[in-house]
Amino acid sequence: MKAPKTDSGFADIVDQLARDSKALEVLEAAEKRDIIRLRDKRRERIDELKTSIKAATKGASSYLRKFKDRLIPKGRKSAETQLAEYGLRSSSAIVALSSDWDEQASIEACLEHGFDACVVTVHRLDKEALEKLTDEELAKVGRRRRPSESFWLKPKTGADSSITSSV
């Protein structure tokens, strides 16, 4: 739609925006209801499959650990069945020595022992704090205010019946 050339043209566009906004709101609400119904319909089967997969994975993993020499050929890290490849992946997680060592205690110990590279420091601008600076202070840190106005529209609630009639 083009920009209006008259006040009445502007009013026509605003009213069309109100109709379209309300129509969009109604359609999105219907879409959400449909998604919830579909999700609820499938949720039980999804949960069953997740439970089944978790249990089968635990059992297969335990069995493979017990009989690895027989189930994975010597010199290989994996094997296969008709439908899948399988294997054991080696890894090691970094975990606390005991419950006394929470993350903050480990951070402090890293810094105390000179392991600074093991601690990440995140720096970012605090927009709320920047808003409190004067224009001169903002300029010192390479920032400025950019005033703007943005058009807004809110369909009237009393006009719902006429707006939604086209949906």
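Worth pointing out:
- Taking the criterion of being surrounded by 10 or more Cβ atoms within 10 Å (Cβ to Cβ) and either at pLDDT 95 or above or not in a helix (DSSP H, G or I) (or both), the only residue of segment 1-22 that qualifies is 4.
- Residue 59 exposed (fewer than 11 other Cβ atoms within 10 Å of the Cβ), more than 30 Å from residue 156 (Cβ to Cβ), free of Cβ contacts under 8 Å to residues at least 40 places away in the same chain and not charged (D, E, K, R): yes
- Some residue of segment 31-49 being surrounded by 10 or more Cβ atoms within 10 Å (Cβ to Cβ), out of contact with any His (no Cβ under 8 Å at 6 or more places or on another chain) and either under 15 Å from residue 156 (Cα atoms) or of a type in the set (Ser, Thr, Tyr) (or both): no
- Screening the candidates 84, 93 for the property of being within 26 Å of the chain's Cα centre (by Cα), among the aliphatic types (A, V, I, L, M) and surrounded by fewer than 10 Cβ atoms within 10 Å (Cβ to Cβ) yields one hit, 93.
- Residue 79 being of a type in the set (A, V, I, L, M, F, W, C), at pLDDT below 90 and under 22 Å from residue 61 (Cα atoms): no
- Only one of 151, 115 that is within 30 Å of residue 19 (Cβ to Cβ), among the aromatic types (Phe, Trp, Tyr) and not assigned by TED's automatic domain parsing to the domain that holds residue 18: 151
- Per-region count, segment 113-162, residues part of a loop (DSSP other than H, G, I, E, B) and closer than 30 Å to residue 13 by Cα: 11
The values are calculated or read from the model by the stated rules, or taken from the named source; none is laboratory data. None of the values given here were measured: they were computed from a predicted structure. Heads up, the Cβs are rebuilt from the backbone with ideal geometry, glycines too, and the neighbour counts pull from every protein chain shown.
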